[in-house]
Amino acid sequence: MTASTVAFIGSATAAEQVTYVGQGGASQKADTVAILDPVAKKLGITVNQDSVPDAWPIMRSQVASGKPTWDVVMVATNYCLRGGEQNIVEKLDFSKIPNAAAMPADYRSDYSIVYETYSSVLGYSLKKYPDAATAPKSWADFWDVKKFPGRRSLRNHPLATLEAALMADGVPADKLYPLDVDRAFRKLEEIKPNITVWWTSGAQSAQLLSDGEVDMVMAWNGRISALVADGAKVTYTYNQGVLQHTSLCVLKGAPNLATTYKFLNEAFDPKIQANLPMQIDYGPGNPKAFDTGVIPAARVKELPSAPENAKVQALMSYAWWTSAAGEAAEKRWLAFAQK
């Protein structure tokens with residue numbers, strides 16, 4: 001883990017502090033510039049930072065110790081929900097977070113608030129499919145190996161992959177949940193012989209497409225947009241993408257709970273949220289950020305949670321994935337991947 005501190009002294013509330021935990025790297029650097037620094041300055045508080053790629057085990061151990069040192073954790077939304085079930089994160093009082101309370105119901109729960117959005121999308125090579133009119137545009141196209149010959153790659157993980165399989169089989173994006181797991185795996189068995197690589201990291205998915213090892217791939221939008229920015233002959237479509245997100249949750253017994261609520265409310269201010277996509281290829285968690293005028297129109301078109309892009313995608317249900325059925329699907333995936 002690494003730690004750093006952002007402090008703004010000189011306010012009457014300067015003694016107040018909160019510890020924010022992110023995932024490090026480019027993501028946390030963007031968070032710092034876009035959200036953490038502005039919130040600390042506006043409130044006159046100290047925002048201490050820690051970072052760890054996988055916070056879940058430490059969240060559990062800190063709460064078990066009875067003396068947690070973390071307050072706010074940015075983590076995959078399913079861990080916030082699981083934390084709620086296991087009494088590891090606080091049940092949120094949204095009367096103290098009016099900016100978050102005004103967000104759509106699908107973007108918050110008793111234990112989580114969507115902080116950043118990204119999408120699993122269909123990306124493809126413009127060298128292989130140069131004509132936009134005849135390029136692959138859906139998961140049905142991805143599965144159609146006769147009409148769209150070429151090498152393919154999917155993620156070696158069930159999240160979003162099962163959703164893509166069901167959309168390929170004709171299930172509408174807004175009718176996916178609860179997932180028909182048997183149907184999804186039947187569809188995956190159909191495409192499995194045509195998958196060249198099952199990727200295990202975002203960097204690998206981008207490299208496969210960039211190097212021409214595969215012609216089409218399910219990948220995170222930011223990975224492909226980075227290739228496009230570097231001049232690679234690739235592109236992607238948000239059509240039938242799976243809109244995913246990370247969330248903020250509060251550790252049970254957070255040492256600075258009162259300040260944490262102040263922090264959360266400012267962090268979800270639409271104008272502050274609008275700063276995020278100016279620093280990184282993630283969409284803001286609060287959809288009202290798109291109404292502020294802060295994000296240029298050209299930039300809005302590129303973002304996964306922009307209204308025009310969100311409406312052609314499936315919004316992942318982390319509640320389903322943390323249910324018994326979702327956990328069973330994850331276990332089933334391991335058997336599928338090993339066959």
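The values are calculated or read from the model by the stated rules, or taken from the named source; none is laboratory data. No experiment lies behind these values; they were computed from the predicted model shown. With ideal geometry, Cβ positions are generated from the backbone for all residues, glycine too; neighbour counts draw on all protein chains shown. Protein only, heavy atoms only, side chains kept; ligands, DNA and RNA dropped before computing areas. Shrake-Rupley method; radii C 1.70, N 1.55, O 1.52, S 1.80 Å.
How many residues, within the stretch 31-87, are touching a Cys at 6+ places or on another chain (Cβ under 9 Å) and open to solvent by less than 60 Å² (accessible area, probe 1.4 Å)? Before you say what the answer is, go through the steps one by one.
First, pick out the residues of the stretch 31-87 that are touching a Cys at 6+ places or on another chain (Cβ under 9 Å): 59, 72-75, 77, 79-81, 83-84.
Of the ones still in play, those that are also open to solvent by less than 60 Å² (accessible area, probe 1.4 Å) are 59, 72-75, 77, 80-81, 83-84.
Counting residues in the stretch 31-87 that are touching a Cys at 6+ places or on another chain (Cβ under 9 Å) and open to solvent by less than 60 Å² (accessible area, probe 1.4 Å) gives 10.
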Taking the condition under 30 Å from Val217 (Cβ atoms), of a type in the set (Val, Ile, Thr) and surrounded by fewer than 24 Cβ atoms within 10 Å (Cβ to Cβ), does Val300 pass?
-> yes
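I want to confirm something. Restricting to the stretch 79-111 and keeping residues that are assigned to a loop (DSSP other than H, G, I, E, B) and hydrophobic (A, V, I, L, M, F, W, C), which single residue is nearest to Pro287 (Cα to Cα)? So that I can check it myself, show each step before the final result.
First pass over the stretch 79-111, keeping only residues assigned to a loop (DSSP other than H, G, I, E, B): 86-88, 90-93, 97, 102-104, 109-111.
Of the ones still in play, those that are also hydrophobic (A, V, I, L, M, F, W, C) are 88, 92, 97, 102-103.
Numbers: Ile88: 28, Leu92: 20, Ile97: 16, Ala102: 10, Met103: 7 Å.
Result: Met103.
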Name the single residue, out of those in the stretch 139-154 being closer than 12 Å to Asp215 by Cβ and of a type in the set (Lys, Arg), that is least open to solvent (accessible area, probe 1.4 Å).
-> Arg152
Sole miss for Ile295 among (1) assigned to a loop (DSSP other than H, G, I, E, B); (2) more than 20 Å from the chain's Cα centre (by Cα); (3) crowded, with 21+ Cβ neighbours inside 10 Å is condition (2)
Taking the stretch 11-34 and keeping residues more than 23 Å from Leu251 (Cβ to Cβ), at pLDDT below 95 and not in a loop (DSSP other than H, G, I, E, B) leaves Ala26
Scanning the stretch 279-292 residue by residue, those within 26 Å of Glu16 (Cβ to Cβ) and either at pLDDT below 95 or crowded, with 22+ Cβ neighbours inside 10 Å (or both) turn out to be Pro284, Gly285, Asn286, Ala289
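Looking at the stretch 15-30 only, could you name the residues that are open to solvent by less than 10 Å² (accessible area, probe 1.4 Å) and not aromatic (Phe, Trp, Tyr)? First the steps, then the outcome.
To start, the set of residues in the stretch 15-30 that are open to solvent by less than 10 Å² (accessible area, probe 1.4 Å) comprises 18, 20-22, 30.
Matches in the stretch 15-30: Val18, Val21, Gly22, Ala30.
Return the residues of the stretch 102-114 that are open to solvent by 40 Å² or more (accessible area, probe 1.4 Å), touching a Lys or Arg at 6+ places or on another chain (Cβ under 9 Å) and more than 12 Å from Asp269 (Cβ to Cβ); say none if nothing qualifies. Walk me through it before giving the result.
Taking the stretch 102-114 as the starting set, the residues that turn out to be open to solvent by 40 Å² or more (accessible area, probe 1.4 Å) are 102, 104-106, 108, 110-111.
If we keep only those that are touching a Lys or Arg at 6+ places or on another chain (Cβ under 9 Å) as well, we get 102, 110-111.
Asp110, Tyr111, listed by residue number.
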Please give the helices (runs of 4 or more DSSP H) falling wholly within the stretch 171-278 in which 3 or more residues are open to solvent by 30 Å² or more (accessible area, probe 1.4 Å) and either in contact (Cβ under 8 Å) with a residue 60 or more places away in the chain or within 30 Å of Asn99 (Cβ to Cβ) (or both).
-> 257-267
